[in-house]
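Below is one structure, written out as C-alpha cells, with a few remarks after it.
The values are calculated or read from the model by the stated rules, or taken from the named source; none is laboratory data. A quick note: this is a predicted structure, and the numbers were derived from the prediction, not measured. Ideal geometry is used to build each Cβ from the backbone, glycine not excepted, and the neighbour counts take in all protein chains shown.
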Amino acid sequence: MRRGLALLLAAALLAPALLAPVAAWAVLPSEKLADPALEARARAISEEIRCVVCQNESVDASDADIAHDLRVLIRERLKAGDSDQQVKDYLVARYGDYVLLKPPFASYTLVLWLGPVAVLLLGGLGAAVFLRSQRRRGGPAAVAPLSPEEVARVAELTGRQGEAPEGGVAHGGAAQGGGAAR
C-alpha cells in the first residue's frame, strides 16, 4: 500500500517536469534566429503573446498554425529593427488587447482585473451571512413527541404491532430506523 502511494506521489511530482519541455518543442528549428540575443528577445515576446486560437496559451508554447505565423512575424519585425514594444504594439493593432496574455490595466479591462476579486469578496460575504444566520437559529428545532395515533401508525407501517418507538418520539425511534425491535 505504501509503495503504491510512493509511486503515485513520484508520478505526480514528475509529471510537470515531463511536460515542461513541450513549450520548447513548439518553436521549430527553421524559425530560430541566428543571433542568440535576437532569438532570446523573440522568445520573451512570444511568451507574452496569446495564441488567438488556443485557450490561454502563448504563441511560444502553441503548435497551432497561427502561432507559427505569429512567431515568424515577431522574428521578422525584430530583424527589421523594431523594439520589443513596437512588436507588441503592432500585434495589438492587428488583434486587439486580447493578443496580450497580460492585458493592460485600463477602464475597459477593469472587469478582467477586478472581477475575480469581487466574486471572491461576494462569495465570502454570502458565506458569512449564511453561517451567521445558522448560528442565530441555534441548530435544528426540537422534535415534538409522537401522539398515540402517530405511534400506532408507525407501528402499523413498520409491521411492529404493539411496539412503540423508544420514548414515543420520532427521533431515535422506529420512524427513523433506530427502532425498539431488538
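Checking each residue in region 79-118 for being under 26 Å from A37 (Cβ atoms) and among the small types (G, A, S) picks out A80, G81, S83, A93.
Of the residues V52, V59, the single one that is in contact with a Ser or Thr (Cβ under 6 Å, 6 or more places away or on another chain) and either basic (K, R) or closer than 21 Å to V27 by Cβ (or both) is V59. Whether a residue is modelled with pLDDT under 85, in a helix (DSSP H, G or I) and surrounded by 13 or more Cβ atoms within 10 Å (Cβ to Cβ) was assessed, and A175 passes this test. Against the conditions (1) surrounded by 10 or more Cβ atoms within 10 Å (Cβ to Cβ); (2) over 23 Å from P36 (Cα atoms); (3) out of contact with any His (no Cβ under 6 Å at 6 or more places or on another chain), V143 satisfies every one except (3).
Residues in region 45-96 that are of a type in the set (D, E) and surrounded by 15 or more Cβ atoms within 10 Å (Cβ to Cβ) were compared, and the one that is farthest from L114 (Cα to Cα) is D82. Just to be sure, is V111 of a type in the set (A, V, I, L, M, F, W, C) and modelled with pLDDT of 85 or more? Judged against the criteria, V111 is not a match. Residues that are closer than 14 Å to V27 by Cβ and out of contact with any helix residue (DSSP H, G or I) (no Cβ under 9 Å at 6 or more places or on another chain) do not occur anywhere in region 88-111.
Considering region 59-108, the residues that are of a type in the set (S, T, Y), under 32 Å from the mean Cα position of the chain (by Cα) and assigned to a helix (DSSP H, G or I) include one that is modelled with the highest pLDDT, namely Y95.
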